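The values are calculated or read from the model by the stated rules, or taken from the named source; none is laboratory data. Computed from a prediction, not measured in an experiment: that's the story for all the values here. Reconstructed Cβ throughout: ideal geometry from the backbone, glycine too, with neighbour counts over all protein chains shown.
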């Protein structure tokens, strides 16, 4: 008569042990998840699209918490460095939500900020108009008189793209105005090519940089 009772007590005891073990495992798992959730670092990100040469203001950035390796975090701007960013120069295009890297910013006193220049081009000669801020482009020119061709810009950051339009609905007429960040030499080459050559815009986002660039010049080409 006592044997069934002992078996029942044994089964109940084993069930309790399993429940306790399961509860402990669940608690450990929860603690692990919470620990991972707290293992984040507050860094600065762009609150809007930013063009090269932009002087930062507090309303242009915000903070966000991320997981990242220490070596990655070493090049990012931490949240406690937010106040020191005021007046810093953006050296490359940033899109909303992009992380701010120390290497992508110049001090407020820098003289290395990029210039911005706009030029018109037929959308059919600019990747069908499929360009947007943040892309990189190469610009080539072919002289109208057939005297030569060459590169005008290589790996230029696109700051903005605007489609011109006509009529009450402002439908696109097939022309674009592309604004790019350039140095002084690039601005000069672009200015020299605008009225004497046809321009071709090549999207080079992510592509390997061009080597041995044959630069375009009016009346010929610099090799």
Specify the residue that is modelled with the highest pLDDT; the eligible residues are those in the range 93-105 that are buried (at least 18 other Cβ atoms within 10 Å of the Cβ) and closer than 15 Å to residue 53 by Cα.
100
Inspect the range 107-115 for any residue being within 28 Å of residue 184 (Cα to Cα) and under 14 Å from the mean Cα position of the chain (by Cα) and give the result as yes or no.
no
Cβ-Cβ under 8 Å pairs, at least 6 apart or on other chains, the range 173-199 side over 26 Å from residue 50 (Cα atoms), far side modelled with pLDDT under 85 and part of a strand (DSSP E or B)
173/164; 173/165; 173/166; 192/217
Can you tell me which residues in the range 51-79 are more than 13 Å from residue 94 (Cβ to Cβ), part of a loop (DSSP other than H, G, I, E, B) and within 17 Å of the chain's Cα centre (by Cα)?
75
Set 124, 141, 51, 68: member being on the phi < 0 side of the Ramachandran plot, out of contact with any helix residue (DSSP H, G or I) (no Cβ under 9 Å at 6 or more places or on another chain) and surrounded by 15 or more Cβ atoms within 10 Å (Cβ to Cβ)
51
Which condition breaks for residue 123 when tested against (1) under 17 Å from residue 204 (Cβ atoms); (2) modelled with pLDDT of 90 or more?
(1)
Condition met for residue 114 (surrounded by 12 or more Cβ atoms within 10 Å (Cβ to Cβ) and either farther than 30 Å from residue 179 by Cβ or at pLDDT 85 or above (or both)):
no
